[in-house]
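Undergrad: Have a look at this one.
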Amino acid sequence: MPVGSPEGHEDAGMSVGSPERHGNADAPTGSPERHGNAGASTGSPERHGNAGASTGSPERHGNADAPTGSLKRRGNTGASTGSLEEPQREVACVGPASGALLVVGDVITDVVARHRGPLAARTDTVAAIRTLPGGAGANVACWAAHWGGGEVRLLGRVGTEGAAWHERELTACGVRPRLVVDPEAPTGTVICLVDTDAAAERTLLTDSGASLRLDADDWSDALLDGVARLHLSGYLLFAAPSRAFVAVALEAARARGVPVSLDPASAGFLDKLGVDRFLTLVEGIDILLPSRDEAYLLTGLPDAEDAAAKLSRHVPLVVAKQGSDGALVARSGTVSARVPAVPATPTDTTGAGDAFTGAFLAALLTGAEAEDAAREGCRAGARAVEAVGGRPPAERRSGPSTGGTSPHGQGWAPR
């Protein structure tokens with residue numbers, strides 16, 4: 001295992017190694033608190049359909065595109081009042097969706113360095129290095145679009161230097177992006193160190209940049225127009241501005257009857273945030289998709305099935321990713337399904353949990369039951385670990401700086 005902490009990885013349901021998911025942590029450039037909101041988003045307003053007020057307008061700042069009567073920004077009390085023993089709500093109806101999936105989360109530039117064996121201290125280590133588009137939220141959206149089942153939209157925040165490239169890459173994956181451009185912070189960057197001698201496990205060095213500066217002023221109720229499901233990246237809970245965003249988005253989704261799913265994202269950062277505070281912040285969500293380590297942390301239980309069952313007393317549906325052991329589906333305090341993993345030969349475990357989540361949500365849009373959707377998630381996770389980077393395969397990737405071919409080649413396809 002390379003240097004650094006392995007915490008925050010997420011299991012994705014493939015049978016070789018630990019397919020923990022690449023997410024992006026909460027170390028934004030400068031202060032994690034909000035530095036201001038230019039909020040100008042990229043792209044053509046026609047391309048975003050119902051995703052909100054039209055983009056590309058120089059007038060859009062802060063709340064300029066919110067309709068009359070939109071929710072006001074509210075802060076976070078952070079009170080530690082969450083409880084795993086609260087009364088159980090009904091599980092959201094799974095039936096066929098008549099709308100889009102809206103994903104909100106981080107859009108990140110990944111620098112993936114694949115090396116063999118331990119890093120050589122104070123000298124060179126040979127590595128194959130690629131610069132690729134990533135980010136937990138963006139990866140989920142791309143895998144959902146790749147898996148099929150309905151329209152997929154993404155809301156995220158990026159710096160000016162990476163906006164055009166990330167928009168092209170998302171569009172190439174079939175996602176309809178709405179990217180808010182931050183005038184001060186750069187696009188988040190993650191260096192992924194992948195040890196090919198250690199089941200392709202990876203360690204992350206993270207600068208979240210603009211991604212966690214998404215805030216309540218970036219929300220508009222119109223973002224839910226035509227949306228059947230809302231998915232939130234748990235990384236949004238690790239900074240004050242994006243926590244305020246989550247509060248407003250959850251309230252709006254509840255008002256519209258739109259079911260909400262959330263991926264806790266990182267055991268390491270959950271530990272820093274605090275379990276009780278996390279449970280308070282996610283009160284009212286319909287689906288929780290934790291990794292095995294995240295479920296352990298959130299419940300204090302050492303057994304995976306017990307942990308998933310306990311979480312399902314707090315959240316109507318829990319789908320716990322178990323890596324080489326597949327996935328668990330739990331409702332109302334009981335594990336209802338044990339989904340086996342899919343065999344795979346890992347090349348890079350970056351984004352495997354994102355692939356699981358994306359395929360799972362895409363299957364739900366088609367009307368699949370949670371158990372069948374989890375099987376699709378395991379298939380996607382297995383496919384993800386056999387390629388480099390966190391996205392589904394693309395025939396050609398453009399570079400983040402040149403607008404043309406990636407400076408490190410044309411990307412990877414699954415073996």
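Undergrad: Can you give me the accessible area per residue for the stretch 133-274, using a 1.4 Å probe, in Å²? Intermediate values should be presented prior to the final figure.
TA: Working: 3230 Å² over 142 residues.
Heavy-atom SASA per residue in the stretch 133-274 reads 23 Å².
Undergrad: Now for a different question. Stretched out fully, how many nm does the piece from residue 305 to residue 123 gain, at 0.36 nm a residue minus the Cα gap? Could the numbers behind the result be given before it?
TA: Values: separation 182, 0.36 × 182 = 65.52 nm, distance 4.47 nm.
Between residue 305 and residue 123, full extension yields an extra 61.0 nm.
Undergrad: Sort 280-287, 230-237 by the packing proxy (mean of other Cβ within 10 Å over each peptide's residues), most packed first. Could the numbers behind the result be given before it?
TA: On the way: 280-287: 19.5, 230-237: 27.9.
Final packing ranking: 230-237, 280-287.
Undergrad: Another question, then. Normalising by the residue count of the stretch 155-266, find the relative contact order in percent from Cα pairs under 8 Å and 6+ residues apart. Intermediate values should be presented prior to the final figure.
TA: Working: 170 pairs, mean separation 24.9, N = 112.
Computed over the stretch 155-266, the figure is 22 percent.
Undergrad: What are the extents of the Cα atoms of the stretch 106-218 along their three principal axes, listed from largest to smallest and rounded to whole Å?
TA: Reported extents, whole Å, longest axis first: 45, 36, 21.
Undergrad: Return one quarter of the surface area of the convex hull spanned by the alpha-carbon atoms of the stretch 250-317, equal to its mean projected area, in nm².
TA: Numbers: hull surface 17.0 nm².
Directional mean of the projected Cα hull area for the stretch 250-317 stands at 4.3 nm².
Undergrad: At a Förster radius of 51 Å, what calculated FRET efficiency corresponds to the Cβ-Cβ distance of residue 184 and residue 345, to the nearest 0.05? Please list the in-between numbers first.
TA: Working: r = 43 Å, r/R0 = 0.84.
Computed FRET efficiency for residue 184 and residue 345 comes out at 0.75.
Undergrad: Can you tell me the equivalent ellipsoid semi-axes for the stretch 277-316? Use √(5λ) from the Cα gyration tensor, largest first, whole Å.
TA: Working: eigenvalues 54, 22, 14 Å².
They are 16, 10, 8 Å, listed from largest to smallest.
Undergrad: Residue 161 to residue 272: extension gain in nm, 0.36 nm per residue of separation minus the Cα-Cα distance? Walk me through the numbers on the way to the answer.
TA: Numbers: separation 111, 0.36 × 111 = 39.96 nm, distance 3.07 nm.
The span from residue 161 to residue 272 would gain 36.9 nm if fully extended.
Undergrad: Over what distance in Å are the Cα centres of the stretch 190-212 and the stretch 325-376 separated?
TA: Comparing the Cα centres of the stretch 190-212 and the stretch 325-376, I get a distance of 23 Å.
Undergrad: With 19 Å as the cut-off, how large is the P(r) tail for the stretch 156-300, expressed as percent of Cα-Cα pairs?
TA: Working: 6227 of 10440 pairs.
Here the long-distance tail beyond 19 Å is 60 percent of all Cα pairs in the stretch 156-300.
Undergrad: Which of the peptides 155-167, 336-348 is most tightly packed, and how do the rest follow, going by the mean number of other Cβ atoms within 10 Å of each residue? Show your work: numbers first, answer last.
TA: Details: 155-167: 23.6, 336-348: 18.9.
Descending packing order for the listed peptides: 155-167, 336-348.
Undergrad: Next up: Taking the mean number of other Cβ atoms within 10 Å as a proxy for protection, how do you rank 289-299, 170-180, 267-277 from highest to lowest? Can you show the working numbers first?
TA: Working: 289-299: 25.8, 170-180: 22.4, 267-277: 18.2.
Averaged packing, sorted descending, gives the order 289-299, 170-180, 267-277.
The values are calculated or read from the model by the stated rules, or taken from the named source; none is laboratory data. Predicted model, so just to flag it, every value in this text is computed and none were measured. Using ideal geometry, Cβ is built from the backbone for each residue, glycine included, and neighbour counts are taken over all protein chains shown. In case anyone asks, the SASA skips ligands and DNA or RNA and just uses the protein heavy atoms, side chains included. Shrake-Rupley method; radii C 1.70, N 1.55, O 1.52, S 1.80 Å.
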